[in-house]
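Presented below is the structure to which this report refers.
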Amino acid sequence: MNFLSPDSVFMKGLADLIDAIWINILMVVTSIPLISIGAALTAGHDAARRSLEGQGHVTSNYFRAFRSNLVKATMIWLVFGPLLLLLVYAWVVLQITPLLIVKFGFSILWVLGFEWVWALQSRFENTIGHTLFNAWVFALANLGRTLIMVFFDALYLALLVLSWFYMPQGLFLLLLFGYGTLIMVHTPLLNGAFNHFVANASMSPTTH
């Protein structure tokens, strides 16, 4: 019965999954105004990292990060949010062959930046411009990690679509796990890139 020990891999994994689900619920609730989605994503990354490191309580960590990042994360979301709407409009409505390269290019840039920008905002104190710039630098400098994160995100979206068409009863479970679980999966990959950077770069970690 060692797998039921609090220190067993099984119990630690179960605790991480429960934290991921709770982070996802907090993100959904705090994203209801839509304008606060950026702050929710940033707080989710901060709470997931601290959860895996055994720091504090998930709820208090989440709302502390949400408050302290609200302004900057919202400004970043005002870049990614409208661009996402434009890309969706372009893919759905603008069925013009010469625009395919442009649409693919901007879509790839959006995905690359999105995978890193919220973790950077949650962990480092910087200007909005530098955070955005660093998101693409990290994405390209750590392309292997980026592709793994994109793979997990794409797999999750594929499961949502398949469940919608073929097994609607599974949607609730998928939505319950949600992006909070993906963030928990991303965090070790992000930390692997950040830990070396923190030890050698002049950019200071945030204290929130």
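Data table
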{"item": "Cβ-Cβ under 8 Å pairs, at least 6 apart or on other chains, segment 107-124 side within 18 Å of M184 (Cα to Cα) and in contact (Cβ under 8 Å) with a residue 60 or more places away in the chain, far side outside any helix (DSSP H, G or I) and of a type in the set (S, T, N, Q)", "result": "S122/T206; R123/T206"}
{"item": "Filtered residues of segment 113-131 (kept if surrounded by fewer than 20 Cβ atoms within 10 Å (Cβ to Cβ) and in a helix (DSSP H, G or I))", "result": "F114, I128, G129, H130"}
{"item": "Candidate set: segment 43-83, residues that are of a type in the set (K, R) and farther than 16 Å from A135 by Cα; chosen: the one most open to solvent (accessible area, probe 1.4 Å)", "result": "R67"}
{"item": "Selection count, segment 92-103, where residues are open to solvent by 80 Å² or more (accessible area, probe 1.4 Å), at pLDDT below 90 and in a helix (DSSP H, G or I)", "result": "2"}
{"item": "Residues of segment 37-65 classified as without any contact (Cβ under 8 Å) to a residue 40 or more places away in the chain and not β-branched (V, I, T), total", "result": "13"}
{"item": "Members of segment 60-87 found to be under 17 Å from the mean Cα position of the chain (by Cα) and farther than 30 Å from K103 by Cβ, listed by number", "result": "N61, Y62, F63, A65, F66, N69, L70"}
{"item": "Test: W77 is closer than 21 Å to V198 by Cα and modelled with pLDDT of 95 or more", "result": "no"}
{"item": "Count - residues of segment 112-127 that are hydrophobic (A, V, I, L, M, F, W, C) and farther than 13 Å from T42 by Cα", "result": "1"}
{"item": "Selection count, segment 25-56, where residues are within 24 Å of M75 (Cβ to Cβ) and among the polar types (S, T, N, Q)", "result": "4"}
{"item": "Every residue from segment 22-48 that is more than 13 Å from V185 (Cβ to Cβ), outside any loop (DSSP other than H, G, I, E, B) and aliphatic (A, V, I, L, M)", "result": "I25, L26, M27, V28, V29, I37, A39, A40, L41, A43, A47"}
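The values are calculated or read from the model by the stated rules, or taken from the named source; none is laboratory data. This one's a predicted model, so the numbers in the text were calculated from it and none came from an experiment. Don't worry about glycine lacking a Cβ; one is built from the backbone with ideal geometry, like all the others, and counts go over all protein chains shown. These area figures cover heavy atoms from the full protein model, side chains too; ligands, DNA and RNA do not enter into them. Shrake-Rupley method; radii C 1.70, N 1.55, O 1.52, S 1.80 Å.
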